[in-house]
Each structure stands twice: as C-alpha cells, then as structure tokens.
Amino acid sequence: MSEPLEVRGREAGFLRDLRSVAGRALRQVPREPVSVLSAIFIPGFFYAVNVGALENVARSLGGFSYKAFLLPMAIAFSVTGMSRAQVLVTDIQSGYFDRLCMTPVRRLALLLGLMVADVLVIIALCVPVLAIGLGIGVHFATGVPGILAFIGFSALWGLSFTGLPYAVALKTASPAAVNASYILFFPLFFLSDAVMPKQVLTGWFSAIATYNPITYLLGALRSLILTGWQSRSLLEGLAALAGIGSVSLTLALLALRGRLNRGL
Amino acid sequence: MTGLVEHLETPRGADVGRVPAVRTSELVRHFAKTVALAGIDLHVDQGEIYGFLGPNGAGKSTLIRVLCTLLRPNSGHAWVAGHDVVQEPHEVRVRIGVALQEAALDDRQSGRELLTLQGRLYGLRPGEIRGRLDDVLDLVDIGGAIDRRIGTYSGGMKRRLDLAAALVHQPEVLFLDEPTTGLDPQSRERVWAEVKKLNRELGITIFLTTQYLEEADALADRVGIISRGRIVADGPPEVLKRSLRNDLIVAEVSGEDPGVLDRLRQLDVVETVSREKGKIFVSSPSAPVALSPVAIELDKSMLQVHSLTSRSPSLDDVFRKLTGNHIEAEGSET
C-alpha cells in the first residue's frame, strides 16, 4: 500500500464482464464432476435400454437404424440438465450475487455469462455421447459438417431450455424449485416422437406430438444422421428452438429484472 | 445527476466546495408497512470514519444497501462520492467498496480466484490485479490460505477476505456493515486496527454500521445514532457524551424501597435518578462529590446494595437519554 490510489475501479465493458462471469462458472465444472458424469451416464443408460428393448420393433416398422434414430434423444437428455442455475441459487442465498451487483458488472452479463458457460459445457458433453453413438455404429449421412451442425443444434437446445431454470432460480432462489423446473422436460420429451417415429404414433398422442416443438428439434437432429441435409427439417428445428428459446429466455430476463428491481 | 449542489445548502460540518463522501436528504425506505428509514439526513466528509450506531432492526443495513445501490429508496435522495445512487449507480459502484454483515463470498472459489474476479469486474488489467492482490493481502493478512477454497476458511478469515475484496479496486468510500459482529475479541481488535490503517494511510472514507458502542467509540470520528429509522443524534463521540454533562453513579441493588428514588433526588449534588432492572442510575455534575451522600442514602434504605460505581457517560447513556431505551434492549424488542 505504499503508493495509494494509483489503481482505480472502472467499468470493464460487456464482453470482459461476460468472459469473467463465464470463466468463473467454467472453473467450477471440473470441481463438481458428478453433475457432468451423471449427464453422460443417465442418458447412456436410457439409450442402451431403449435400443436393447425396441430395436427389433423399430426394424419391423421400417428398417431404419434405431441406434441412429435414438441418438438425438440421448444427446438432448444429456444436455438438458446442464445449467448453472443451481450455482445462481447458491450465489443469491449466500449474498455473493449482491456482492456481484455492487460491482460495475453489467447486469445482463451476470445471466448471459452463466449461459455462455452452459453452452461450452454442452458442446464438451456432446463429444463423449457422440463418440458412444459412433462407436456402436451410428453413421452420419451429412459427414463431419453434419456432426458439427448436430453439436450446434444440441447447444442451441441447451441454451433454449436453460432460460427456464434460470428464471426459476432468479424468481425463487430455491434449489428445490430449480430442480422441479427440469421436470417440465419430461412431458415435453415423452409426448414427442422421441422414442418412436411420428408415423407410427396414433390418436391423441400423435396430435400432441405434432404440436410439440421437441418433435421438430429431434426431426432436425435425425435428418443430419439419417437422411442428409434437409433444409425443411433443419428450418423446422430452428423454428422450434426459437420458439422455446424466446419464451424461456424472456422469462429469465424478466426474472433477472424482477430480482434487481426488488433490490434496486 | 439529481442536483447535489442544490442539496448542499446546509452542509453540516462540511468543508465549503468539497464534495461530501456520503450525503442523504430526507431518505425514506419502507418494506410493506414497516418503515426502515424514516427521512434520513446525513453528511459524511471525505476522509472521515463515520460510525452508524443503532440496535438490530433500527435501519442500519437498509441504509447501507441504499447507499451501495442494492436498494432503491422510496423517496428522498442519496449521493455517494458526489453521485446519485439512483440516477448514476454505475458511477457510485466504481467508487465504493462494501463488506456486508455476512461475508458474501463464494465458498467454491479460492481466495485468489475471488479477488482476481473482483479485480476483473472492476476493469483492472491483469498486472494491476496482481499488484493489488499483493497490497490487500499484506493488509488483511490471510497468509498462505489465499490459494485454498474459501469454504475451508474460518469466520474471521472470511471477514478479512471480504474486506480484501472490498479494497481490490481502491475505493474512495468503504462501507462496512457490522464488520465485527460474531467475531472473537482478538479478531475484533484486528479489524479495528485494519480500519484505522485504511483510513489513516490511504485516506479512505469509512462508513461503518455497528451495534457495539465501544466500536463506535474506538473507531469513529463522528457517530450517527439511529433509532426506529430516524437519526436521533449525530456528532463526535466525545461531544455526544459531553452533551449529557453529568457523570453517572450506578448502584446494583435488590429489594424494594418505594421512597428511595425521591430521597436521592432531594440530595443537592444529584440531578436525575432512575431505576431500571436492578440498577439505580444517579446523574450528577460531579460523581466524586455525590458518591458519599448517595452511598449513605442507599445504606439507610431498605435495599440491598451489591455494588456502587461511578463513571463518565457512555454512548449507551446518550442513546438511553435520547430514546429512553438501551441499545441492546431496543434491539431485542425489534
């Protein structure tokens, strides 16, 4: 402290704020490996069980590769829980969120920085799950560019869904409520063509699957594996992501504003 | 910016032309029907240590949260380092450092990671951050624990790290919300020494809240006493205590003698007499002169006298005089 007051605080700028917040979140990931390992193990288990149980049924329906058909579901299962929302809850409860809010950090960076970290974790998580799929014989009709597009779609799905747990975290600061928010994922998924092709679905289930955006996300992912570049499938998938993302991210931003306004 | 200059027409104790470190005008904040701040006016000069003293629930933490831009006031104005906390919160944030009542830290980071992140959020360059970490770690003495996870720190270490985080960017105004609550006497002394050092060596204005009278007495150049959302006294501790003029004689007693208070009041050397929870308080212009007659009168009474002491007025006496309550008593009520 021999030369006081030489260094002064100043605004860092949005991008540096974003990097700082995301960097902190990413540093935590290897320290809590259980969350990442469970995100590989659980969908891997579902994938193996479903393939084992239904592959012959699927083959009798149309002769397609059920392993390839089911891979998008495994990826989506894997990346959906990848959110730093619980970290945000802990920050709010411990008062660390307040400490961050008393710095000149841009408020939006406090949320988006966590989401950037989520996307990077999701991309990293796709690699082992894809490796399992490729290892058991799944072939991508679109080649390496298709694999990259597949990872991009998966990351966008993770980002689209993650707004919801963040909204709940900011609104309630409750770990239990954040966990409950993931439950929404199950009806969304199992009321789609996640396990069986849409053509074989019937009655009310088929009607719901037709209007369920997850059907179109999975359709886009499957098209990259099974049928090659199909612009219609990809656009429908992007539209589904845009729809889900706009709702969940709007909720997250409103919840951020609400929390800040409760204080400020 | 909402005209600070216009609000400086009645600067209490301020140097003319010098922007006060903290100033509030008619500041009001309520939560539903509970009024936390009921029109706070205060003025803290640059370089001062200002002690904000009051019981739990008096409004101290609410005021800090308003001044640190975490809470918006319902009405009134507040400026920190010359900037309006509502209109220019970013200007305020780059100039303040804050250590709140509970050390607000992330247990999963190491101390170094937390301080580095803090430096980055204040826009410091990597070289500046390294230099500042060396400086603040010298000051708060965390030692080799800096690379350990914060979750492994003791309460005192967390408080010191919290203080270091508040200092990384060399703030102009440092807010300390009950900095020693829950600390052992040794850690408390250490924090006091650090606060004095920050003020004397770096000239940082320090605004601290406390419920400990001796803390305000030991640290603060000026003390504001808050009770139920209002400032009831403001001035240097010695001046506040002198404002009571009289010395105090305190007798610890048991038993009953309804007439004893009146008989004590009739003594020439006694000014006021009151009884609270087993203690009789006798104020007198001169305790040495009054002690003997008071002792004789008590001896003649039907009370059992356990001790009889004389002392100069404390800040608690000031608080009691102004609010009719002890700080601890009022705190427990709220």
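The values are calculated or read from the model by the stated rules, or taken from the named source; none is laboratory data. The shown structure was predicted, so the numbers you read here are calculated from the model rather than taken from an experiment. Neighbour counts run over all protein chains shown; Cβ positions are idealised from the backbone, glycine included.
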In region B:171-194, anything farther than 15 Å from B:Tyr212 by Cβ and in contact (Cβ under 8 Å) with a residue 60 or more places away in the chain is listed as B:Pro171, B:Glu172, B:Val173, B:Leu174, B:Phe175
Identify, from the list A:Arg222, A:Arg257, the residue that is within 14 Å of chain B (Cβ to nearest Cβ) and either within 30 Å of B:Ala78 (Cβ to Cβ) or in a helix (DSSP H, G or I) (or both). A:Arg257
Would you please name the residue that is surrounded by the fewest Cβ atoms within 10 Å (Cβ to Cβ), looking only at residues in region B:85-108 that are within 7 Å of chain A (Cβ to nearest Cβ) and over 23 Å from B:Phe207 (Cβ atoms)? B:Arg108
Residue hits (region A:30-63; within 28 Å of B:Ile150 (Cα to Cα) and crowded, with 17+ Cβ neighbours inside 10 Å) are A:Val36, A:Ala39
Could we say that B:Arg132 is touching a helix residue (DSSP H, G or I) at 6+ places or on another chain (Cβ under 7 Å), among the basic types (Lys, Arg), more than 7 Å from chain A (Cβ to nearest Cβ) and assigned to a helix (DSSP H, G or I) here? no
Suppose we filter A:Asp91, A:Asp118 for residues that are more than 14 Å from chain B (Cβ to nearest Cβ) and of a type outside the set (A, V, I, L, M, F, W, C); which single one remains? A:Asp118
Given the condition out of contact with any strand residue (DSSP E or B) (no Cβ under 9 Å at 6 or more places or on another chain) and not assigned by TED's automatic domain parsing to the domain that holds B:His30, answer yes or no: does some residue in region B:265-273 qualify? yes
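Within region B:33-76, count every residue that is of a type in the set (Val, Ile, Thr) and without any contact (Cβ under 8 Å) to a residue 24 or more places away in the chain.
Of the residues in region B:33-76, 1 are of a type in the set (Val, Ile, Thr) and without any contact (Cβ under 8 Å) to a residue 24 or more places away in the chain.
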Give, as residue ranges, the strands (runs of 3 or more DSSP E) completely inside region B:171-252 that count at least 3 residues that are under 12 Å from the mean Cα position of the chain (by Cα) and closer than 21 Å to B:Tyr122 by Cβ. B:173-177
Can you find a residue that is within 14 Å of chain B (Cβ to nearest Cβ) and within 30 Å of B:Ala164 (Cα to Cα) anywhere in region A:35-50? no
Residue within region B:64-77 that is within 10 Å of chain A (Cβ to nearest Cβ), surrounded by fewer than 18 Cβ atoms within 10 Å (Cβ to Cβ) and modelled with pLDDT under 95 present: yes
